[in-house]
Amino acid sequence: MEILGNEKHKIIRGDALEVLKELPDKFVDLIFADPPYNIGKNFNGHIDKWSSEEDYLNWCYQWLDLCVRKLKPNGSFYVMTATQYMPFFDIYLRKKIDVLSRVIWYYDSSGVQAKKYFGSMYEPILFCVKDKENYTFNMDAILVEAKTGAKRKLIDYRKNPPQVYSSEKVPGNVWEFPRVRYRMDEYENHPTQKPITLLERIIKASSNEGDLVLDPFSGTFTTSFVAKMLCRNSIGIELEEEYVKIGLRRLQLANEFKGEKLKKEIRTFETDRLATANTFNLF
């Protein structure tokens, strides 16, 4: 286990289960967990595939238990997994914590996904709290447009006097955010990077400035990045060294790591652009 960063933003390189065991109980305000989905993704040479579904779920139950233990009594827990495993997570967690919302993160497809069945275009998220009578939910920070009032200007005749419906509302449980694409500014070299907009909604809703946000499977450290942007503190756990380097750079915690200068990977279209610019500079 290797601890990097500073007092407000820590990056811990190590196995999530082992690191979680070492952290104090009841000290985190918000946890966002986006684990490997057991669908064969390649994480810098580490293939996300267990020998059986039972092995995968048993591994998940271990870190789910640990996450619940690390939450403060008024803490919130958002957890993701593949669609086929979320029912198991749901049933398991409701015995230990209150599941308040079952969220669908919907996104459009970049191309044809399936020809002989209906392709998946969403990922499920559970929103859970330790105490449904005492938890953070900043409604005003996440309001979205309510088309009934904002665009259609419909009148609510049940009120006296009648009034136009509100122009804003709390989002429902279907969230439409685009996936991170190769040409997006926020893109990093990782197979399952989550968008900044998704984490913004979660962190704004379920934490306050100065709160501690934990991500046990940090990947590109979007959770920690957004936490810092929103004046929260963060702990990000990550096993792969290449992703730890992304986190150090994104959070501006280091310029070098083990003698290597930390720079964002240049993408192919950026290489072409640089080559063109250099050609023009010759004339």
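Condition check ((1) free of Cβ contacts under 8 Å to residues at least 40 places away in the same chain; (2) closer than 19 Å to residue 36 by Cβ) across all residues:
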| position | (1), (2) |
| --- | --- |
| 212 | no, no |
| 225 | yes, no |
| 231 | yes, no |
| 241 | no, yes |
| 247 | no, yes |
| 260 | yes, no |
| 265 | no, no |
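State which residue pairs qualify: first residue within 16 Å of residue 172 (Cβ to Cβ) and inside segment 130-149, second residue among the basic types (Lys, Arg) and surrounded by 13 or more Cβ atoms within 10 Å (Cβ to Cβ) in any location, beta carbons under 6 Å apart, and separation of 6 or more residues or different chains.
142/201; 142/204; 146/169
Need at least 3 residues that are touching a residue at least 60 places away in the same chain (Cβ under 8 Å) per element, so show me which helices (runs of 4 or more DSSP H) inside segment 11-116 make the cut, counting only ones lying wholly within it.
16-22, 53-70
Return the pairs, sorted by first residue and then second, in which the second residue is not in a loop (DSSP other than H, G, I, E, B), the first residue lies in segment 152-173 and is within 26 Å of residue 106 (Cα to Cα), the beta carbons are less than 6 Å apart, and the residues are 6+ apart or on different chains.
Correct list of pairs: 166/149; 167/149; 167/150; 170/139; 171/144; 173/101; 173/103.
Output yes when any residue across segment 241-254 is touching a helix residue (DSSP H, G or I) at 6+ places or on another chain (Cβ under 9 Å) and among the acidic types (Asp, Glu), and no when none is.
Of segment 241-254, the ones touching a helix residue (DSSP H, G or I) at 6+ places or on another chain (Cβ under 9 Å) are 247, 250-254.
Those left that are additionally among the acidic types (Asp, Glu): none.
Looking for residues that are touching a helix residue (DSSP H, G or I) at 6+ places or on another chain (Cβ under 9 Å) and among the acidic types (Asp, Glu), one finds none in segment 241-254, hence no.
Working carefully through the options 218, 224, 206, find the one that is in contact with a Lys or Arg (Cβ under 9 Å, 6 or more places away or on another chain) and crowded, with 19+ Cβ neighbours inside 10 Å. Please lay out each step first, then the result.
Working: 218 fails: in contact with a Lys or Arg (Cβ under 9 Å, 6 or more places away or on another chain); 206 fails: in contact with a Lys or Arg (Cβ under 9 Å, 6 or more places away or on another chain).
After ruling out the rest, the residue left standing is 224.
Conditions first: (1) touching a strand residue (DSSP E or B) at 6+ places or on another chain (Cβ under 8 Å); (2) at pLDDT 95 or above; (3) surrounded by 14 or more Cβ atoms within 10 Å (Cβ to Cβ); (4) of a type outside the set (Gly, Ala, Ser). Residue 57 passes all but one, so which condition is the exception?
Looking at each condition in turn, residue 57 falls short on (1).
Just for segment 1-10: of the residues that are in a loop (DSSP other than H, G, I, E, B) and modelled with pLDDT of 95 or more, which one is nearest to residue 213 (Cα to Cα)?
The qualifying residue nearest to residue 213 (Cα to Cα) is 8.
The values are calculated or read from the model by the stated rules, or taken from the named source; none is laboratory data. Note that the coordinates shown come from a computational prediction; the quantities given were computed from them, not determined experimentally. No Cβ is skipped: glycine too gets one built from the backbone with ideal geometry, and neighbour counts run over all protein chains shown.
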